[in-house]
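These notes concern the structure reproduced below.
Nothing in this text is a laboratory measurement; each read-out follows from the coordinates by a stated rule. This is a predicted model, so every value here is computed, not measured. Using ideal geometry, Cβ is built from the backbone for each residue, glycine included, and neighbour counts are taken over all protein chains shown.
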Amino acid sequence: MSKNTEAGETPDKRKKNTSIGLDGETLIALKIRAIEEGTSIRKIIETLVNDYLDTPKKGHS
């Protein structure tokens, strides 16, 4: 399995890597939640970012 491929995901050459800094407690809680939901941290963050980008900007109609 490729280093950039999460379990159950197919590689997508259009995706780019980034990194974020999270405090230890947050990262542990996120890992636990991902395991409980049978998903990956990458998928959780990608979903949250996409949901955020799909919402209208504040102050704009």
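A compact table of results
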| item | result |
| --- | --- |
| At R0 = 35 Å, FRET efficiency that the Cβ-Cβ distance of K58 and I28 yields, to 0.05 | 0.65 |
| Potential lengthening between I20 and L48 on full extension [0.36 nm per residue; Cα-Cα distance subtracted] | 8.7 nm |
| Estimated vicinal HN-Hα couplings, Hz - segment 19-35 in sequence order (Karplus 6.51, -1.76, 1.60; Gly, Pro = x) | 9, 9, x, 10, 5, x, 5, 5, 5, 4, 4, 5, 4, 4, 4, 4, 4 |
| Neighbour-count ranking [beta-carbon atoms within 10 angstrom, fewest first] of R42, R14 | R14, R42 |
| Footprinting exposure proxy for I44, I28 (fewest neighbouring C-beta atoms within 10 Å first) | I28, I44 |
| Placed amide H near S40: partners under 5 Å, 5+ positions off or other chain | none |
